[in-house]
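*Asks:* Take a look at the following structure, please.
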Amino acid sequence: MGGGNAIRGTRVGAGPMGESERGESAPRQRVGYWCANGHESRPSFAMEAEVPDSWDCPRCGLPGGRNQEKPPSPPRNEPYKTHLAYVKERRSDADGEAILAEALARLRAQREDI
Ligand SMILES: [Zn+2]
């Protein structure tokens, strides 16, 4: 019969209110960033922290800027480009000619074998 002890163990309102000491004590500021795709991200910084001028968009990876009207232009190497896009880009110019030349050379080599 230990029921009486269990009730006595949970005293409501007796303990110190420790919540105000955790989390809410450090004031934080929310800063808005906009990327070239129009995504808005609002990371929060500590008030005493130095707020960066740019912030990578969590949705598309492009750098975001503080000015919504003028987001920073995306860098040339887009981090989220697909593999297919890389392949197409690689095949486009000089490499395409190199592949063609290689194929022709192989054809000629085959003919010489005959
Ligand atoms: Zn974005």
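*Asks:* Size of the dipole of the stretch 26-65 about the Cα centre, Lys and Arg at +1 and Asp and Glu at -1 on the beta carbon, nothing else charged, in debye to 20?
*Replies:* Rounded to the nearest 20 debye, it is 200 debye.
*Asks:* Please work out the FRET efficiency for the pair Val87 and Ala49, using the Cβ-Cβ distance as r and a Förster radius of 25 Å; give the result to the nearest 0.05.
*Replies:* Calculated transfer efficiency: 0.05.
Each reported figure results from applying straightforward, stated rules to the coordinates on display, with no laboratory input. In this text, all values refer to a predicted model and were calculated from it rather than measured experimentally. Cβ coordinates were reconstructed from backbone atoms using ideal geometry, including for glycine residues, and neighbour counts include every protein chain displayed.
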